[in-house]
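**Q** So that we are looking at the same thing, I have put the structure below in structure tokens.
The values are calculated or read from the model by the stated rules, or taken from the named source; none is laboratory data. What you see is a predicted model, and the numbers here were worked out from it, not measured in a lab. Heads up, the Cβs are rebuilt from the backbone with ideal geometry, glycines too, and the neighbour counts pull from every protein chain shown.
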Amino acid sequence: MNAKLTDDAVAGLPLSLGRAELLEEIMSTPVLDDRPIRSREPRRRTRWLVPAAAAVVVAALALGTARWAGDDPAPAADRSAPVMSMPAVANGYVVLDAPGWTMVARHADEGRGEMSYENGDQYLELMWGLPEDYDGYVEDRRHIVRPAADGAPIQILGLGAQMWAYSPDDHTAIREVDAGQWIEFRGEGMDEAGYLALLGQLRAVDEAEFDAMLPEEFVTGAERNDTVDTILDEIDAASDGPLLPEGVDRASITSDQVDDYQLGSEISGQVACAWLGEYAAAEEAGDQGRMDAAAAALNSSHDWPVLHRMDDRGYFPEVLWMYAQQVADAGTLPEDYQNGLGC
């Protein structure tokens, strides 16, 4: 068992994973859905990217009677801005053209996603979703203030948005639906005037320009295939047996993520999912030999280089190792592993 995770933590799944961070964030964190764990850690600040294993707890509170209220909003800055013609924003292709700011995390999946920028102790996070989610998120944000109220009208990237203040240096705004998505912008560590000024330095770009502006450690479209091949080759080298179960094609293991953490999560997760699925099929068939081979393949995940590169930045490796250990030690499939790994 990995030293970072105790038997109590295993027994407590799915609620124990990420409990410490969840307790800090639970009253200010929305949940997009039950996607696999994609958080990039460690980070002190409030994140939208919470562990999926705790998502059910967050959802129960966020959608129930436990609404939150921020501090009184900061005094209003000048929110007037001309309505400008802007290109449609799609797939979260928005860049922050401001000195000192760096993209540090991004995850996108089926029309939803998150992206984070940092500048010292200041943060800007973008979260986007599908049109059918828009009204629910706006209604949720209306409860940031008491009594619940619409946000202050502002313009972001040439389109109307509503802004609320959690505190004098923590603001969020939701932009209206455009090109099949809405976007929320949360800025921390700056007053309202600074937040509005920062929003004015956002640009909508196409995929090619977005790729060109990615930080060096991120993966561009041109680099993606080679990066995926390298990850799979490393996993293969760390395994005593085949990379994948019979009938699973290596070419089926893919990812379109640009964040190296998210890409590593998806690739390693797909390999683990294939072996967990093989274990389930072998167990149903009563084939102990196949079960043993699948368990050995999963146990080799402790040596997968990609997971060790990711381990100090997020929960995903710990979850995968926990599942592998449960199969190896108890000979049972982990409950709800499909949600935990995104199978």
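**Q** Check Gly247 against each of (1) over 30 Å from Glu216 (Cβ atoms); (2) in contact (Cβ under 8 Å) with a residue 24 or more places away in the chain and name the one condition it does not meet.
**A** With respect to (1) over 30 Å from Glu216 (Cβ atoms); (2) in contact (Cβ under 8 Å) with a residue 24 or more places away in the chain, Gly247 is out only on (2).
**Q** Restricted to segment 152-179, and to residues that are in a loop (DSSP other than H, G, I, E, B) and out of contact with any Gly (no Cβ under 7 Å at 6 or more places or on another chain), which residue is nearest to Asn91 (Cα to Cα)?
**A** So the residue we want is Ala179.
Residue-by-condition table, conditions (1) of a type outside the set (Gly, Ala, Ser); (2) in contact with a Cys (Cβ under 7 Å, 6 or more places away or on another chain); (3) over 18 Å from His107 (Cβ atoms):
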| residue | (1), (2), (3) |
| --- | --- |
| Glu266 | yes, no, no |
| Ala280 | no, no, yes |
| Asp292 | yes, no, yes |
| Trp304 | yes, no, yes |
| Gly314 | no, no, no |
| Pro317 | yes, no, no |
| Ala330 | no, no, yes |
| Asn339 | yes, no, no |
| Gly342 | no, no, no |
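**Q** Check segment 119-127 and report whether any residue there is farther than 12 Å from Gly187 by Cα and acidic (Asp, Glu).
**A** no
**Q** I would also like to ask the following. For Gly314, work out the one condition from (1) assigned to a loop (DSSP other than H, G, I, E, B); (2) in contact with a strand residue (DSSP E or B) (Cβ under 9 Å, 6 or more places away or on another chain) it doesn't fulfil.
**A** (2)
**Q** Looking only at segment 180-204, filter to residues that are farther than 19 Å from Met103 by Cα and not in a strand (DSSP E or B); which one of those is modelled with the lowest pLDDT?
**A** Gly180
**Q** Among the residues of segment 142-156 satisfying the criterion of being within 13 Å of Tyr195 (Cβ to Cβ) and in contact (Cβ under 8 Å) with a residue 60 or more places away in the chain, which is surrounded by the fewest Cβ atoms within 10 Å (Cβ to Cβ)?
**A** Only one residue tops the list, namely Ala152.
**Q** Tell me whether segment 225-232 contains one or more residues that are surrounded by fewer than 20 Cβ atoms within 10 Å (Cβ to Cβ), in contact (Cβ under 8 Å) with a residue 60 or more places away in the chain, under 30 Å from Ser268 (Cα atoms) and not assigned by TED's automatic domain parsing to the domain that holds Asn91.
**A** No: zero hits.
**Q** Condition check: buried (at least 19 other Cβ atoms within 10 Å of the Cβ), closer than 16 Å to Thr172 by Cβ, touching a residue at least 60 places away in the same chain (Cβ under 8 Å) and not hydrophobic (A, V, I, L, M, F, W, C). Does Gly129 satisfy that?
**A** In short, yes.
**Q** Of Asp259, Asp312, Asp249, Asp236, which residue is crowded, with 22+ Cβ neighbours inside 10 Å, acidic (Asp, Glu) and at negative phi?
**A** Asp259
**Q** Please indicate, with yes or no, whether at least one residue in segment 208-218 is under 19 Å from Gly100 (Cα atoms), assigned to a loop (DSSP other than H, G, I, E, B) and modelled with pLDDT of 95 or more.
**A** No, that holds for no residue.
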